[in-house]
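Asker: Structure provided below as structure tokens; questions to follow.
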Amino acid sequence: MSEDLYSERPLFGGAISSSFPHRFQDVSNIRQVPDHQEVFVDPSRDESLIFELLDFKLDVGDNGSAAWFLQDLATEQDAEGCTSGVVEAPGLRYKDLPATVTTAVGQMVYLANLRLKEVGTDVLVTAYEPLLINPVSESASTVGAGLPVPATQSGFMQMSEVFKLAVSSFKVNDWSLFSGTAAA
């Protein structure tokens, strides 16, 4: 059983919120992060969680959207392979319309695409966990090189569970964050 403490965390000035472990630190306290992103890291495990607001991709179908975004990311990073599926986020509705939520998992990466069509936005929730830490990487001095210790052996929630929690608890508190919409 994990001893990881978690709570609902404000994102984008509190307009959005999501729950994830306290061990994830806000990167904007350390360096500049683009306005359309919220980035959190656990420096002791070299894991990260990213929330990103993008313009809605009209040419991408709902059912395969997460796989499309993951493939786009994989191509950018010379990675390959993914599996995908659809999940429910019952608390994520604009007016009475539910959002479409698809997920994709690749090597080291978990990605969900929350499609907020009514406000023209694709939300990406991306979680990264290392498979192997290169001895010459910046992280090696903090985390150690080689295979990371499994999260459960360290008393932490597995990254797959952190990802599921962050996606399933994601909610919009102030729809006026999205240009051209009124608060609902």
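The values are calculated or read from the model by the stated rules, or taken from the named source; none is laboratory data. If you're wondering where the values come from, they're calculated on a predicted model, not measured in any experiment. Here the Cβ is made from the backbone with ideal geometry for all residues, glycine too, and neighbour counts use every protein chain on show. Accessible surface is based on the protein model in full, side chains and every heavy atom, while ligands, DNA and RNA are left aside. Shrake-Rupley method; radii C 1.70, N 1.55, O 1.52, S 1.80 Å.
Asker: With every protein chain kept in the model, how would you rank M157, M108 by accessible area, 1.4 Å probe, largest at the top?
Answerer: Final ranking, largest accessible area leading: M108, M157.
Asker: Could you work out how far apart the two model spin labels at R31 and L58 are, taking each label as a point 7 Å from the Cα in the direction of the beta carbon, and quote it in nm?
Answerer: The answer from the label model is 3.6 nm.
Asker: Residue-wise, which Karplus ³J(HN,Hα) couplings in Hz belong to segment 36-43, taking 6.51 cos²θ - 1.76 cosθ + 1.60, θ = phi - 60°, and x for glycine or proline?
Answerer: Rounded to whole hertz, the list is 8, 10, 10, 10, 10, 9, 10, x.
Asker: Something else now. Along segment 60-71, what does the Karplus equation 6.51 cos²θ - 1.76 cosθ + 1.60 (θ = phi - 60°) give for ³J(HN,Hα), rounded to whole Hz, x for Gly and Pro?
Answerer: Values, residue by residue: 10, x, 4, 4, x, 5, 5, 4, 4, 5, 5, 4 Hz.
Asker: Please compute the modelled spin-label separation between L147 and R93, points set 7 Å along Cα→Cβ, answer in nm with one decimal.
Answerer: Those two pseudo-labels are separated by 4.6 nm.
Asker: Amide H of Y6: which non-local residues (sequence gap of 5 or more, or other chain) have their own amide H closer than 5 Å, using H built in the peptide plane?
Answerer: Distant-sequence amide H within range of Y6: H22.
Asker: Still on this structure, I have one more. Give me a comma-separated list of calculated 3J(HN,Hα) values for segment 111-126, in order, Karplus coefficients 6.51, -1.76, 1.60 applied at θ = phi - 60°, integers in Hz, x for any Gly or Pro.
Answerer: 9, 10, 10, 9, 8, 9, 4, 5, 10, x, 9, 9, 9, 10, 10, 10
Asker: Which cross-chain or sequence-distant (5 or more) residues have an amide H under 5 Å from the amide H of K57, H modelled 1.01 Å from N in plane?
Answerer: Sorted by chain and number, the residues that satisfy this are D122.
Asker: Using only the C-alpha atoms of segment 11-63, find the volume of their convex hull and express it per residue in Å³. Spell out each step's value before the answer.
Answerer: On the way: hull volume 6.9 nm³, N = 53.
Convex hull volume per residue, Cα atoms: 130 Å³.
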